[in-house]
Amino acid sequence: MPEKATGRRAASAKRRGDKPSTQAGAFVREEMHHKRSEKHGRMSRKQAIAIGLSKAREAGVRVPKRASAKR
């Protein structure tokens, strides 16, 4: 469950008209914080990003299922 502040941050980004990736960034940022504070134990950076995007989708952010990532 995302924190209330994260939801407010994403809603604010949506009101400003930011892209969905920017809106989802709030959720990813929260997961990276949890990763650093070892709230989830051992977790890779990619897992934290995936969990953050999943939480963003659950919250209603229209993030594509497969974004074109730089490789």
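The values are calculated or read from the model by the stated rules, or taken from the named source; none is laboratory data. The structure displayed is predicted, hence computed values, not measured ones. Accessible surface areas use protein heavy atoms only, side chains included; no ligands, DNA or RNA. Shrake-Rupley method; radii C 1.70, N 1.55, O 1.52, S 1.80 Å.
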Original post:
Within the accessible area of the chain, what % is carbon and sulfur when the probe is 1.4 Å and the other protein chains stay in place?
Top reply: 51
Original post:
So what are the ³J(HN,Hα) numbers for the range 39-53, from phi and the Karplus equation (6.51, -1.76, 1.60; θ = phi - 60°), rounded to whole Hz, Gly and Pro as x?
Top reply: 6, 10, x, 6, 8, 7, 4, 5, 5, 4, 5, 5, 5, x, 5
**OP:** State in Å² the accessible area per residue of the chain; use a 1.4 Å probe, count heavy atoms of protein chains only, and round to the nearest integer.
**Re:** 80
Original post:
Relative contact order (percent) for the chain, with alpha-carbon contacts under 8 angstrom and 6 or more residues of separation?
Top reply: 31
**OP:** Determine, at each q value in 0.18, 0.23 (inverse angstroms), the log₁₀ of I(q)/I(0) that the Debye formula gives when each Cα of the range 17-71 is one equal point scatterer.
**Re:** -0.58, -0.87
**OP:** Taking all protein chains together and a probe of 1.4 Å, list Arg16, Arg42 from the most accessible to the least accessible.
**Re:** Arg42, Arg16
